[in-house]
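Data block below; observations after.
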Amino acid sequence: MKRILSILGLFLVLLSVSSVAKAEIEGFTVLPSPATAGQLVTATVTVDGALTPSTVSVDFGDGSAPSILAFAAVTTDQIRTATHIYTSPPAFAASYLVQATPDTSLGGSMWEATLVVNCPTQVITTAALPPATVGQFYSAQLLSSGGVFPVSWSVGADGDPLPTGLTLSPTGLISGTPTQAISANVSFEVTDSCGPTTTVKLLALSVSCPALNVATSALPAGIVGQPYSAQLLSSGGVAPVTWALEDGAGFLPNGLMITPTGLIMGTPTTYGLSVFAVNAEDSCNPVAQIEEKDLSINIDTPVTTELTITRMQLSFDNGRAETTVSRNQPGLRVVADLRFDGSGLLRGYWEVDGRFLAPVNQHLIYGKSIRLTSPAVPFLPTFVEGTHRVRLVITDPENEIPFPAALYYVTAEEATADLAPLRTAEPRNHAELPFAPVTFNWETAGSATTYLVEFFIIDSEKPIAAAFTKGTAYDLPETILTDSFSAGKAYRWWVKSFDADGNLMGVSELSHFVFE
Amino acid sequence: MSGELSRNWGRVVVLFVGGLILSGLVAGTVSAAGIAFVSPGEGVEATTSKPPVACDVGVPVSNQNLLVMLDGIDVTGALDFTSTGFSYKPIQPLPNGPHQLYLVIYAADGSAAEQIFSFSTLTKISSNTQISAVYEQVLDKSDHLHQVPHRNVAANLGNTTTFTQGNWQMGMTTNLRWLDRSTSIYAPEKKGMDLVNYLISGQYQKDDLTLQINAGDLQIQETQNTVMGLARRGVQTRFNYKGLSLDGFVVDSEQLFGIQEGSGLEFDSSKNIKGVSGGFSLLDNSLKLRAIYVTGVEESNSFGIYDADSGEREGDVLGFLLQYQLLDGKLNLEGEYDRSDFDGNTADEFSGEKDKAWTLRANGYAGSYSYQAVYEYTGPDYEVIGNPGLQRDREGFTLMGGVQKTNHALNVSASRYEDNVEEDSRLPQMETSTLSADYSFNRFPTLPMGLSFQKTIMDSTMVPEGGLSYRIDTSMYGARVNYLKGPWNFGFNANYSLQDDKTESDYDTTNQTYSFIPTYYAETLSFSPNLMFNRSTDETTDVDTDTLTATLDLRGNLLNGVVSYELAGTFNRMETSNDTMEMDMYSANAQVAYHFLQEWAGFLNPSVGIRGLYNRTDDKVSDRDDDEFALFLVLSSSMGFAF
């Protein structure tokens, strides 16, 4: 019995010793099989228990570093996985030997599995290309899927070449500015990095010219005898656009012509409405586009046209658009000589240094130039020294013209001119007087010390008689009456006032009288 | 003026006749021979242009028994009387040369004694210089008021100098200006120094011969259809000998500002307008004949001028003018004939056009009545360099008449003109007829009033087949009345005009303006508010555009001019009846200055002042309002000296 127990005990010891020696890799799978480049491959290792912590090295056979799987010291089965992605194989398909090698703490031998790795299926996903327009920059990206990057694009020999002006980059970008209208079926090839493999697809690429339109819808009116110029405008199309009068569709007004660049120019010689058609022909290749448009030009005479300011000249009493005045100089005014075509209501205003001074509203009638004078009240402001800009701004008719400016400079020297009015009193204006000595009177609230009375015959600027006096009256002596005046004739007279230094202070209005 | 009067009086007073007719003068027996010419003295050559004139008559005289005329001008009322004579200081400078003092002393019985004295003045050189400077510094201003400079300096030196030597006289008038500011300056002004304008003249005069040359800023006046009112920079020469005259000029094509743009003396034929004219007079100046020739090129746009026809023009004109005065002014005849060759744009392929113009005119006056009749023809291609105001393609007449009575004055005119003077069948002919009248009622001198009326009818004839006829009637009515009282003047004006478009477009417009302008002008205060209302109506759309404008101009001084103040303000309201526009604009500019030294050192007048400006625009339609203000410190000074 003792012997039997000893044998049994030995059996158990052997049994236990034998059972420790059996901790080893129990299973090894590699899935999926076959695999595809770029696809995740999983290697699964099963160990049926271990007495001590141990590891299994999994080598996927493509030269990459092995994956180390760790197992704990447990008696139960343990499963560990290692993942790997095969990149582009050297050929369309390749076999790899996947090995699972236990470390020394595990028993058993190395496990192996053969895995076939194939290249993926590559597809050009671009279904269609957007249309291109001649003369306009074009850009479209070709797309593919399934292939192993990087991929390279090219134009295949089976289809049409790319339209002129477009290029294809290796990254699949079609770009450039097409120069010719065409519809092409282009064979695009994409080659990936697996294998490599090449996929081909035929895509239609349409290049068209931009639609040509005549943008000009109306032409300005012209005036007989005055130069006319109007530019026809187009939109779309391919430049250059050539313009011409459509045959059999009316005539331009006499005196006008149209240039190939679309400029209608000349000097019209007849008036009235001319209806005609123009055509615009672009440079679309290979077939030009032609667009036709019905237009008209109304030629007015200078009389019948809308009111238009054709000339404006500003001047002071020196005839120039510039003058220099003393501070507080009264009565400064500027005149605007206007030439215009047509008739109508002129509206505008006088401004000084951009500041509104006085409105201008006046009906104009064709046939003569007109002179507008800035107001007497208020006259141009002269109490601020320095340069001032005065303009006549016309608001109606609407003008986009550079209204000229006149400049007046106000010095710091105080004007000697008197603001107080100097008025002739007796004889009254247009008085009919007996041919006899008469007293001339005037009135003023100013500070003048001396006055000069001057007499003129009508339409003459040279005085026939004159007198200085300190008072505000002058008795015309009989001597001067008989020597310088005649009965039955009309005369004018005025008075000038002076300060003590002889500076002119004021001048009255001219007054008329007749010696009967 | 003085020359004319001297000749006039020279015919009256031939020789000294004193001593022969004297008897029973005011205070007994004063003979003309006893009158002493104290100053300047008989035959004396004075070296000042305002020589004191004094005479010792020997007895008391007054302006009741004395007539004194200096160069034909009655100066009796300006004499200072002494116990036995008088003295007189000329008010205005006497021109160089001989002068004549004519005296008449009246006796109680009506007889008179005459005496003539002679003297001369010779001022070799005289000069008047005015220097003015102003410095403005912004004290405060709106942030967005960028166009107002923080600092502004301006100075001006104005000078007038004449130099006389024998029969020669030289003159010069200039304005030299210096500008600087902290912002840019609008063209044509420039920062720094510039000779803004100048005129240099030289003259030789002896007996009936006058030679003259002027250089600088000129104004050329010839005839209506040649050159009229041409203000340009250049050179002008004049020659006169008795009734014969010969003039010439060369001026720059453009109106120039400042010497930096050109002196006008470049004589570049491609940038000049030049001309000559000559004439003579006969029959004691009653018959005058003149010929004018002008040629050159002209820029359409230059300083102060806008022209829609841009580019360069070229042309020439030859004109003849005949004037004949008959019946002592009762009938004046004038005829002008001109031919032009004008290219409106030298850059185009078209050459110039030749055409003609002519005018016949008769006018005159008799007593209270005056008249004028004009017949004019201007060809369709008649245009002239230097006279852009001409209306071409026009033929017609104007008749005017006027009567001026004590209480009434009436002027009427009627005219009829037509275009398309060559009756081109491709064009209509437009006839324009105008009737106008202006009446003044002067019964009350302090309440002058008047009415005016004008009717113009434009009607088309010879309308080509397919063309549209044209007719526009324009009527204008005006009324005015003033009330004058001392320094006050209350003015009221009302004007109404209607333009009746009888074409298919039927674009009728009316315009009415009412203004009330009271003014007060006195020695130390002026006050002139102005209230104006205007309504213009587009009768087609029945839209009114109203403009209400109120302005105020107030200025004065206190303390004998030590303090001066000024205020200028404008309120303007514009609105349309269709509510597309409603806008108020306000602007004000005010200044107070302290003239702390007057004529310091005899010629310097400095002052310090505060100036403010305020502008506001309130656009009620777009609900936008903007306002801006600026406050300035102003330092200014002027100085003047003359010799």
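The values are calculated or read from the model by the stated rules, or taken from the named source; none is laboratory data. These numbers were taken from a predicted model, which means no experiment stands behind them. Cβ: placed from backbone, ideal geometry, glycine included. Neighbour counts: every protein chain shown. When the accessible area is computed, the model is the full protein with side chains, heavy atoms only, and any ligands, DNA or RNA have been set aside. Shrake-Rupley method; radii C 1.70, N 1.55, O 1.52, S 1.80 Å.
Which of the residues that make up segment B:248-276 are more than 23 Å from the chain's Cα centre (by Cα), open to solvent by less than 30 Å² (accessible area, probe 1.4 Å) and within 18 Å of B:Asn387 (Cβ to Cβ)?
Across segment B:248-276, the qualifying residues are B:Gly248, B:Asn272, B:Ile273, B:Gly275.
Any idea how many residues of segment A:183-241 are within 22 Å of A:Asp294 (Cβ to Cβ), open to solvent by 40 Å² or more (accessible area, probe 1.4 Å) and assigned to a loop (DSSP other than H, G, I, E, B)? Lay out the reasoning, then the answer.
Step one: list which residues in segment A:183-241 are within 22 Å of A:Asp294 (Cβ to Cβ), which gives A:211-222, A:228-237, A:241.
Okay, now just the ones that are also open to solvent by 40 Å² or more (accessible area, probe 1.4 Å), so A:211, A:213, A:215, A:217-218, A:220-221, A:229, A:231, A:233-236.
This time we only want the ones that are assigned to a loop (DSSP other than H, G, I, E, B), so: A:211, A:215, A:217-218, A:220-221, A:233, A:236.
So the answer is 8.
Considering only residues that are in contact with a strand residue (DSSP E or B) (Cβ under 8 Å, 6 or more places away or on another chain), open to solvent by 10 Å² or more (accessible area, probe 1.4 Å) and hydroxyl-bearing (Ser, Thr, Tyr), which ones fall in segment B:293-307?
B:Tyr293, B:Thr295, B:Tyr306
Going through segment A:345-361 one residue at a time, which ones are part of a strand (DSSP E or B), more than 7 Å from chain B (Cβ to nearest Cβ) and not hydrophobic (A, V, I, L, M, F, W, C)?
A:Gly348, A:Tyr349, A:Glu351
I'm told B:Leu484 meets every condition in (1) open to solvent by 40 Å² or more (accessible area, probe 1.4 Å); (2) within 9 Å of another protein chain (Cβ to nearest Cβ); (3) modelled with pLDDT under 90; (4) at negative phi except one. Can you identify the failing condition by its number?
Unmet condition: (1).
If I filter segment B:113-131 down to residues being surrounded by 20 or more Cβ atoms within 10 Å (Cβ to Cβ) and over 35 Å from the mean Cα position of the chain (by Cα), which single residue comes out as farthest from the other protein chains (Cβ to nearest Cβ)?
Quick first cut of segment B:113-131, residues surrounded by 20 or more Cβ atoms within 10 Å (Cβ to Cβ) only: B:113-117, B:119, B:121, B:130-131.
With over 35 Å from the mean Cα position of the chain (by Cα) added as a condition, the list becomes B:113-117.
Values: B:Ala113: 13, B:Glu114: 10, B:Gln115: 14, B:Ile116: 14, B:Phe117: 18 Å.
Among those that are surrounded by 20 or more Cβ atoms within 10 Å (Cβ to Cβ) and over 35 Å from the mean Cα position of the chain (by Cα), it is B:Phe117.
Mind listing just one residue for me: the one in segment A:294-317 that is more than 7 Å from chain B (Cβ to nearest Cβ) and not in a strand (DSSP E or B) and, of those, surrounded by the fewest Cβ atoms within 10 Å (Cβ to Cβ)? Walk me through it before giving the result.
Within segment A:294-317, the first condition is being more than 7 Å from chain B (Cβ to nearest Cβ), and the residues that meet it are A:294-300, A:302, A:305-309, A:316-317.
Checking the rest, the ones that are also not in a strand (DSSP E or B) come to A:302, A:305, A:307, A:316-317.
Details: A:Pro302: 23, A:Thr305: 22, A:Leu307: 18, A:Phe316: 22, A:Asp317: 11.
Checked segment A:294-317; the qualifying residue surrounded by the fewest Cβ atoms within 10 Å (Cβ to Cβ) is A:Asp317.
Kindly establish whether A:Asp158 is surrounded by 14 or more Cβ atoms within 10 Å (Cβ to Cβ), charged (D, E, K, R), farther than 30 Å from A:Pro240 by Cβ and in contact (Cβ under 8 Å) with a residue 40 or more places away in the chain. Steps first, answer last, please.
On the way: surrounded by 14 or more Cβ atoms within 10 Å (Cβ to Cβ): no; charged (D, E, K, R): yes; farther than 30 Å from A:Pro240 by Cβ: yes; in contact (Cβ under 8 Å) with a residue 40 or more places away in the chain: yes.
No; evaluated as a whole, the condition is false for this residue.
List the strands (runs of 3 or more DSSP E) inside segment B:557-643, counting only whole elements, that have at least 3 residues being surrounded by fewer than 17 Cβ atoms within 10 Å (Cβ to Cβ), within 13 Å of chain A (Cβ to nearest Cβ) and in contact with a helix residue (DSSP H, G or I) (Cβ under 8 Å, 6 or more places away or on another chain).
Numbers: elements: B:563-576, B:582-594, B:604-619, B:624-642.
The strands (runs of 3 or more DSSP E) meeting that bar number zero.
For A:Asp59, work out the one condition from (1) over 25 Å from A:Val116 (Cα atoms); (2) at pLDDT 90 or above; (3) of a type outside the set (Ser, Thr, Tyr) it doesn't fulfil.
Here A:Asp59 clears every test but (1).
Select from segment B:167-209 the residues that are within 11 Å of another protein chain (Cβ to nearest Cβ), of a type in the set (Ser, Thr, Tyr) and touching a Phe, Trp or Tyr at 6+ places or on another chain (Cβ under 8 Å) and write down the one among them that is most open to solvent (accessible area, probe 1.4 Å).
Restricting to residues being within 11 Å of another protein chain (Cβ to nearest Cβ), of a type in the set (Ser, Thr, Tyr) and touching a Phe, Trp or Tyr at 6+ places or on another chain (Cβ under 8 Å), the top hit is B:Thr173.
Is there any pair linking a residue in segment A:251-267 that is hydrophobic (A, V, I, L, M, F, W, C) to one that is open to solvent by 60 Å² or more (accessible area, probe 1.4 Å), with Cβ under 7 Å and at least six apart or on different chains, and which?
Partner pairs satisfying both residue conditions: A:Leu263/A:Ser229; A:Leu263/A:Gln231; A:Met265/A:Ser229; A:Met265/A:Met257.
Among the residues of segment B:212-247, write down those that are open to solvent by 10 Å² or more (accessible area, probe 1.4 Å), among the small types (Gly, Ala, Ser) and farther than 16 Å from B:Ile305 by Cβ.
Within segment B:212-247, B:Ala215, B:Gly243, B:Ser245 qualify.
Pairs needed: first member in segment A:348-373, among the polar types (S, T, N, Q); second member anywhere, open to solvent by less than 20 Å² (accessible area, probe 1.4 Å); C-beta distance under 6 Å; at least 6 residues apart or different chains.
If the second residue must be open to solvent by less than 20 Å² (accessible area, probe 1.4 Å), the pairs left are A:Asn361/B:Asn511; A:Asn361/B:Asn534; A:Asn361/B:Ser536; A:Gln362/A:Leu346.
Do we have B:Thr549 as at pLDDT 90 or above, within 29 Å of A:Gln329 (Cβ to Cβ) and at the interface with chain A (Cβ under 8 Å from one of its Cβ atoms) here?
Details: at pLDDT 90 or above: yes; within 29 Å of A:Gln329 (Cβ to Cβ): yes; at the interface with chain A (Cβ under 8 Å from one of its Cβ atoms): yes.
Yes; evaluated as a whole, the condition is true for this residue.
Filtering segment B:449-472 down to residues that are open to solvent by less than 40 Å² (accessible area, probe 1.4 Å) and facing chain A (nearest Cβ under 10 Å), which residue is modelled with the lowest pLDDT?
So the residue we want is B:Gly467.
Which is open to solvent by less than 60 Å² (accessible area, probe 1.4 Å), at pLDDT 85 or above and not β-branched (Val, Ile, Thr), of B:Ala32, B:Ala36? Steps first, answer last, please.
On the way: B:Ala32 fails: at pLDDT 85 or above.
Result of the check over B:Ala32, B:Ala36: B:Ala36.
Mind listing whichever residues of segment A:458-494 are part of a strand (DSSP E or B), open to solvent by less than 60 Å² (accessible area, probe 1.4 Å), closer than 12 Å to A:Thr439 by Cα and more than 7 Å from every other protein chain (Cβ to nearest Cβ)?
The one that is part of a strand (DSSP E or B), open to solvent by less than 60 Å² (accessible area, probe 1.4 Å), closer than 12 Å to A:Thr439 by Cα and more than 7 Å from every other protein chain (Cβ to nearest Cβ): A:Ala473.
For segment B:173-187, indicate whether the set of residues that are acidic (Asp, Glu) and part of a loop (DSSP other than H, G, I, E, B) is non-empty.
The answer is no, given that none of the residues of segment B:173-187 is acidic (Asp, Glu) and part of a loop (DSSP other than H, G, I, E, B).
In segment B:289-304, what count of residues is obtained for those that are in contact with a Leu (Cβ under 8 Å, 6 or more places away or on another chain), assigned to a strand (DSSP E or B) and within 14 Å of another protein chain (Cβ to nearest Cβ)?
Looking only at that region, the number is 1.
Pick out the one residue from B:Gly278, B:Gly264 that is in contact with an Asp or Glu (Cβ under 9 Å, 6 or more places away or on another chain) and in a strand (DSSP E or B). Even if it seems obvious, please write down each step before you answer.
Values: B:Gly264 fails: in a strand (DSSP E or B).
Just a single option satisfies the conditions, and that option is B:Gly278.
I'd like to check which strands (runs of 3 or more DSSP E) are fully inside segment A:384-452 and have at least 2 residues that are open to solvent by 10 Å² or more (accessible area, probe 1.4 Å) and over 30 Å from B:Tyr439 (Cβ atoms).
Working: elements: A:386-396, A:405-414, A:422-426, A:431-433, A:439-444.
The qualifying strands (runs of 3 or more DSSP E) are A:386-396, A:405-414.
In this structure, does A:Arg333 turn out to be under 38 Å from the mean Cα position of the chain (by Cα) and open to solvent by 20 Å² or more (accessible area, probe 1.4 Å)?
Working: under 38 Å from the mean Cα position of the chain (by Cα): no; open to solvent by 20 Å² or more (accessible area, probe 1.4 Å): yes.
No, not satisfied.
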